[in-house]
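The values are calculated or read from the model by the stated rules, or taken from the named source; none is laboratory data. This is a predicted model, so every value here is computed, not measured. Neighbour counts are summed over all protein chains in view; Cβ atoms, including those assigned to glycine, are modelled from backbone coordinates with ideal geometry. Remember, those area values only see protein heavy atoms, side chains included, never the ligands or the DNA or RNA. Shrake-Rupley method; radii C 1.70, N 1.55, O 1.52, S 1.80 Å.
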Amino acid sequence: MKKLIEGFTLQLASALKIGQSVDLVRPGSDIRNVLITGMGGSGIGANLVESLTFGRIPIPIVVSKGYNIPQFVSPHTLFIACSYSGDTEETLSAINKAMLKRAHIICITSGGKMLELAKEYNLFWIQIPGESSSARGQLGYMIVSLMYALYHTNLIGAAFIKETENAIEYLNRGQKAVESEAELIARKLKGKLPIIYCDERLKAMAIRFQNQINENAKQLAHVNTFPEMNHNEIVGWQFPEAILQHAQVIYLYSDHDHERVEKRMEICRPIFEKRSNPIIDIVAEGASLLEQYYYLIHLTDWISYYLAKENGVESNTIEAVDYLKEELSKLK
C-alpha cells in the first residue's frame, strides 16, 4: 500500500498516456444521460467524477452501485462500467442489463471477464494496468480514465488534462510536507471515531477518506455534509457521551465550498468541540477543484496508511471482504 500511495503521481501520468491513446468512437445516437457503475475502490472514482463534473455537463450523471440499473437506461445513455479486476459480479450483471437496453457502453478495467465481454460483444473499453490486487490503490487510473471517457464522447473539454499535469508537479514538489502532515493527523485519530464533515461538493472525497480509513486502518469512520447535517444530525450531538468524548471531527475545506456553508461550519465548531476534541482542519491545495481533489486524495491516503501503522495492522489486507467473497462463491 505504501508503494501504491507513493506512486500516485506516476499513476496519474501513466493514466494520461493511456487516455490519449484510446480510440473511443462517438455514439451514433445523441447522449441524453450518463450512468456510471462500479463497486468499492473502482466505484468511488465514479462518485468523484460525478462531483467534479457537477455544473459542467448539461445532462444528468448518475452513479449506480449494485446488480441492477435504472429504468431510464436506453440507446441515449452513455453507460460506463468500472471494475479494476474485471470480475466484480455486481458490475458484470449491470453491463448485461445495459446491453439489453442497447446503451452506449464503455468498460474501464485491467482485464478479467469484463474485458472478455467487451471484446466478445464489440464494446468500447479502456484497459488500465493490473499492477496490484488493490482496486482502491488504482484510483488515479479510474479518475483519469473516466474523464477521458467523457472527453472522447464530447461531454467535457480538455482542461482536466492540464489540471492533472499541474497536480502531478505540485504533489511531487510537496511530497514530504504531505507525508508529515498525514503522520501528525494519524496520531490524533488513533483510538478515536473520525467524523468527517464538509460541503456537499466534497462528499465523494469524504467518503473516499472514510473508505480508506476502513480498509487500510481497519477503523470505523463517519461522514456527513453541510448543510444537510444541520437539519438532523447536529441534534444528535448529545448522546452517547462516552462515544462523543472519543469522537474526532475533521473538517474538509476547498475553495469551492459555498460561502454559507463555511459560516455554518464555523457556527457549529464550538458545538462539536464542547463534547469531543478540537477539530482537525484539512484544507485542499491546488488551483482547480480537480487539483484540490488530487491533493486531498493523496493526503488522506497517507493518513489512512499511517493510521494503520498506529493501529498495528497491515494496510493492504482486507480479510473481511475476502471472507465475504469466498462465502458468496460457495452459493453460486
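Run the numbers for Glu233 and Gln71: contour at 0.36 nm per residue of separation, minus the present Cα-Cα distance, in nm. Don't skip to the end; give the middle numbers.
Working: separation 162, 0.36 × 162 = 58.32 nm, distance 3.24 nm.
Net length gain for the segment: 55.1 nm.
Could you give the alpha-carbon Rg of the stretch 82-218 over 2.2 N^0.38 Å, rounded to two decimals?
So the Cα radius of gyration is 1.27 times the expected 2.2 N^0.38 Å.
Please work out how much accessible surface Thr77 shows to a 1.4 Å probe, ignoring ligands, DNA and RNA, in Å² rounded to 10.
So the heavy atoms of Thr77 present about 0 Å² to solvent.
With axes computed from alpha carbons, what is the tilt in degrees of helix 159-173 against the longest principal axis of the chain, rounded to the nearest 10 within 0 to 90?
40 degrees
Please list the non-local residues whose amide H lies under 5 Å from the amide H of Ala247, H modeled 1.01 Å from N, same-chain partners needing a gap of 5 or more.
The list, which skips near neighbours in sequence, is Leu193.
For the stretch 34-138, what is the per residue volume of the convex hull drawn over the alpha-carbon atoms, in cubic angstrom?
89 Å³
Once the Cα atoms of helix 89-100 and of the chain are each reduced to a long axis, what angle between those two axes, in degrees from 0 to 90 to the nearest 10, is obtained?
Taking the Cα atoms of the chain, the angle to 89-100 is about 40 degrees.
Compute the acute angle (0 to 90°) between the alpha-carbon long axis of helix 259-275 and the principal axis of greatest extent of the alpha-carbon atoms of the chain; round to the nearest 10°.
The angle comes out at about 50 degrees.
Quick one: with all protein chains in place, what share of the accessible area of the stretch 1-103 is carbon or sulfur, to the nearest percent (1.4 Å probe)?
53 percent
Can you give the calculated 222 nm mean residue ellipticity of the chain, where each DSSP H run of n ≥ 4 adds -39,500 (n - 2.57) and the sum is split over every residue, rounded to the nearest 500 deg cm²/dmol?
One gets -16000 deg cm²/dmol as the mean residue ellipticity at 222 nm.
Place the peptides 104-115, 60-71 in order of packing, highest mean first, counting for every residue the other Cβ atoms within 10 Å and averaging per peptide. Intermediate results must be reported in sequence, preceding the final value.
Working: 104-115: 22.2, 60-71: 15.3.
Per-residue Cβ counts within 10 Å, averaged per peptide and sorted highest first, yield 104-115, 60-71.
P(r) for the chain, please, calculated from all Cα pair distances in 10 Å bins and given in %.
Final binned percentages: 5, 25, 33, 25, 10, 1, 0.
Sorted by mean Cβ packing within 10 Å, highest first, what order do the peptides 312-320, 278-286, 293-301 take?
So the peptides 312-320, 278-286, 293-301, ranked by packing, come out 293-301, 278-286, 312-320.
Go through 191-198, 12-19, 127-134 and give me the packing order, highest mean Cβ count within 10 Å leading.
Output ranking for 191-198, 12-19, 127-134: 191-198, 12-19, 127-134.
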